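The values are calculated or read from the model by the stated rules, or taken from the named source; none is laboratory data. The shown structure was predicted, so the numbers you read here are calculated from the model rather than taken from an experiment. Cβ atoms come from the backbone with ideal geometry, glycine included; neighbour counts cover every protein chain shown. These area figures cover heavy atoms from the full protein model, side chains too; ligands, DNA and RNA do not enter into them. Shrake-Rupley method; radii C 1.70, N 1.55, O 1.52, S 1.80 Å.
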Amino acid sequence: IPVRIYIPHGKRFSKRPAILFIHGGGWALGDLDSYENVARFLCARSNTVIVSVGYRLAPENKFPEGLNDCYAAYSWLTKHARRFNADPARIGIMGDSSGANLSAAVCLLAHSQNQKIPNHQFLIYPFLDLRAVADYPSRQAVGNGEYFSSSSSMAWTVDLYLENADQSLVPLVSPILAKDRTVWPDTSVFTAEFDPLRDEGKAFSDVIANVGGQSHYHCYKGMIHGFMSFAGAFDGGKLGLELLAKHIAETFTD
């Protein structure tokens with residue numbers, strides 16, 4: 001399983017926090033190269049080691065193959081963080097869109113395997129409910145494709161990822177359905193105003209807060225799904241990355 005490790009410049013000999021980064025792309029697209037700019041930016045601006053994982057993609061590798069790769073990478077990171085001067089006591093997990101789905105699923109797997117769960121999970125415009133019957137107002141309001149992402153394109157990626165529709169009822173596929181809601185680590189959820197996934201991100205943040213967990217939620221006004229990957233195209237994307245990096249640094253303050 002390939003991983004690409006980013007170490008803050010000048011900080012090689014000091015123990016910094018580490019984050020396992022899981023890229024998006026609907027479980028079928030994206031790779032280490034397409035998220036190189038995001039990983040480098042977050043590493044440099046947050047002073048955090050970023051470990052980006054190149055998990056196997058659908059449809060050739062359906063659920064749970066990609067998830068198993070991400071979990072293996074997380075387990076490896078917890079055991080070997082000291083090899084690149086990262087602090088094993090401060091390990092987080094992060095993903096965007098389908099990568100956020102996999103990040104939350106890794107937390108569930110770690111808990112079920114009695115392994116240390118991440119100190120913090122950072123979920124960027126997360127796709128957390130893959131059921132065909134999932135009905136959130138934002139999917140109806142901005143899911144027709146006029147704002148980049150659409151309900152039909154999301155359904156297409158789900159079909160690529162799953163063997164059958166029944167798998168969408170499994171919490172490892174739809175993490176918002178997890179019955180034991182106390183298993184989640186401290187969580188930060190970031191959504192975009194014109195994203196069909198906006199409301200389920202907010203609902204997931206509320207789930208954690210309602211059981212007494214720590215959850216930070218922020219919706220970026222005027223933004224669309226995937227906007228942080230478009231930092232070179234418009235200022236809102238770069239601002240989103242800057243605020244995310246600042247939040248990471250504050251979360252892992254020494």
Restricting to segment 202-214, what's the tally of residues that are open to solvent by less than 40 Å² (accessible area, probe 1.4 Å) and either under 17 Å from ASN101 (Cα atoms) or of a type in the set (Lys, Arg) (or both)?
5
Six or more apart or on different chains, Cβ atoms under 9 Å: show the pairs whose first residue is in segment 114-125 and without any contact (Cβ under 8 Å) to a residue 40 or more places away in the chain and whose second is of a type outside the set (A, V, I, L, M, F, W, C) and assigned to a strand (DSSP E or B).
LYS116/PRO88
For segment 128-173, which positions are closer than 14 Å to ILE224 by Cα and either in a loop (DSSP other than H, G, I, E, B) or of a type in the set (Lys, Arg) (or both)?
ARG139, GLY143, PHE148
Residues of segment 228-243 being touching a residue at least 60 places away in the same chain (Cβ under 8 Å) and either closer than 13 Å to PHE194 by Cβ or touching a strand residue (DSSP E or B) at 6+ places or on another chain (Cβ under 9 Å) (or both), in sequence order, are MET228, SER229
Lone unmet requirement of (1) open to solvent by less than 30 Å² (accessible area, probe 1.4 Å); (2) part of a loop (DSSP other than H, G, I, E, B); (3) touching a Cys at 6+ places or on another chain (Cβ under 8 Å); (4) closer than 23 Å to GLU250 by Cα for ILE117
(1)
ARG56 is checked against (1) open to solvent by less than 40 Å² (accessible area, probe 1.4 Å); (2) in contact with a Gly (Cβ under 6 Å, 6 or more places away or on another chain); (3) not hydroxyl-bearing (Ser, Thr, Tyr) and fails just one. What number does that condition carry?
(1)
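A quick yes/no check of all residues on (1) over 26 Å from ILE50 (Cβ atoms); (2) open to solvent by 40 Å² or more (accessible area, probe 1.4 Å); (3) at pLDDT 95 or above:
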{"residue": "ILE93", "(1), (2), (3)": "no, no, yes"}
{"residue": "SER98", "(1), (2), (3)": "no, no, yes"}
{"residue": "ASN101", "(1), (2), (3)": "no, no, yes"}
{"residue": "LEU108", "(1), (2), (3)": "no, no, yes"}
{"residue": "ALA134", "(1), (2), (3)": "yes, no, no"}
{"residue": "PHE148", "(1), (2), (3)": "no, yes, no"}
{"residue": "ALA155", "(1), (2), (3)": "yes, yes, yes"}
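Yes or no, residue by residue, for (1) closer than 30 Å to TRP156 by Cβ; (2) in contact with a Gly (Cβ under 8 Å, 6 or more places away or on another chain):
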{"residue": "VAL3", "(1), (2)": "yes, yes"}
{"residue": "SER14", "(1), (2)": "no, no"}
{"residue": "HIS23", "(1), (2)": "yes, yes"}
{"residue": "GLY26", "(1), (2)": "yes, no"}
Could you check, for segment 219-229, whether at least one of its residues is surrounded by fewer than 16 Cβ atoms within 10 Å (Cβ to Cβ) and either under 22 Å from CYS107 (Cα atoms) or not acidic (Asp, Glu) (or both)?
yes
Kindly provide the set of residues from segment 215-241 that are modelled with pLDDT of 95 or more and either at positive phi or part of a loop (DSSP other than H, G, I, E, B) (or both), ordered by number.
GLY222, HIS225, GLY226
Considering each residue of segment 34-58, count those that are of a type in the set (Phe, Trp, Tyr) and either over 14 Å from GLY24 (Cβ atoms) or free of Cβ contacts under 8 Å to residues at least 40 places away in the same chain (or both), and give that number.
1
Subset tally (residues that are open to solvent by less than 50 Å² (accessible area, probe 1.4 Å) and farther than 20 Å from HIS120 by Cα) for segment 174-201:
5
When both residues are 6+ apart or on different chains and their Cβ atoms are under 8 Å apart, which pairs have a first residue that lies in segment 93-113 and is free of Cβ contacts under 8 Å to residues at least 24 places away in the same chain, and a second that is open to solvent by 10 Å² or more (accessible area, probe 1.4 Å) and assigned to a helix (DSSP H, G or I)?
none
Residues located in segment 176-202, provided they are among the small types (Gly, Ala, Ser) and farther than 19 Å from ALA155 by Cβ
ALA178, SER188, ALA192
